[in-house]
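What follows is a single structure, written as structure tokens, with notes after it.
The values are calculated or read from the model by the stated rules, or taken from the named source; none is laboratory data. No experiment lies behind these values; they were computed from the predicted model shown. Note that we place each Cβ from the backbone using ideal geometry, even for glycine, and neighbour counts take in every protein chain shown. Heads up: the accessible areas ignore ligands, DNA and RNA and are worked out on the full protein's heavy atoms, side chains in. Shrake-Rupley method; radii C 1.70, N 1.55, O 1.52, S 1.80 Å.
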Amino acid sequence: MARPSDAKARFIDTAVILFRERGYHGVGLAEIIAQAKAPKGSFYFHFPGGKEELAECAIRYAGGYLPYMLQKSLRDAPDFRTGIEALVGHLARAFEASNWTKGCPIASILLDTAPYSERLSQAIRSVTDEWITAFGEATRRFDLGEDPRALAMRILVSLEGAWIMARIFKSREPFHEAVDMIVAGHAISGAPPQPASAG
């Protein structure tokens, strides 16, 4: 999603931060408007659909971050595991620095609103489909011997699970486990096949 400007951008940026920390229902519209430091009267001009429309914009804007980081991490990596370790390490450090509060904004909104808000459910599904496509494309330059869509799905499942478990235990350990889950299998991890037993 192209970056909006001025007051609209401040509303969206603030919503992304607060939704990451406390979910959709944990943040009131008045708090978002106050923290955005944007003219209150401009809110409904930019978001006539209110908080739900703001959340949809936040979902679509925040949705560009993860594919960007994956592509950046893999672009110059000598092998797939090194790129994944760079991505996961970045996410883990950022999450720890936030005292385990700022996880995936998409998941935070999803857990609060799906399936009750059709509008937000559709936005999240759209972003997730874009992630799967982008992840598949980012991994194609590696000869991994696996369907790109299946691999993209495993990346997402592993990362989202790591965010949840890391918040529970306040530890980076789930992210280390996520790396192993993502690169599981000889063709991806680079581990040589074991010879068959002579017996």
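Observations
- Residue within the range 70-82 that is touching a Pro at 6+ places or on another chain (Cβ under 6 Å), among the hydrophobic types (A, V, I, L, M, F, W, C) and in contact (Cβ under 8 Å) with a residue 12 or more places away in the chain present: no
- Yes/no for Glu53 being at pLDDT below 95, surrounded by fewer than 18 Cβ atoms within 10 Å (Cβ to Cβ) and not basic (Lys, Arg): no
- Within the range 161-174, residues that are closer than 9 Å to Glu96 by Cα have Cβ atoms under 9 Å from residues that are at pLDDT 95 or above and of a type in the set (S, T, N, Q) in these pairs: Lys170/Asn99, counting only partners at least 6 apart in sequence or on another chain.
- Top-ranked residue of the range 98-125 - restricted to ones that are touching a Phe, Trp or Tyr at 6+ places or on another chain (Cβ under 8 Å) and assigned to a helix (DSSP H, G or I), ranked as surrounded by the most Cβ atoms within 10 Å (Cβ to Cβ): Ile109
- Taking the range 40-50 as the range and being open to solvent by 40 Å² or more (accessible area, probe 1.4 Å) and either polar (S, T, N, Q) or touching a helix residue (DSSP H, G or I) at 6+ places or on another chain (Cβ under 6 Å) (or both) as the test, the residues that pass are Lys40, His46.
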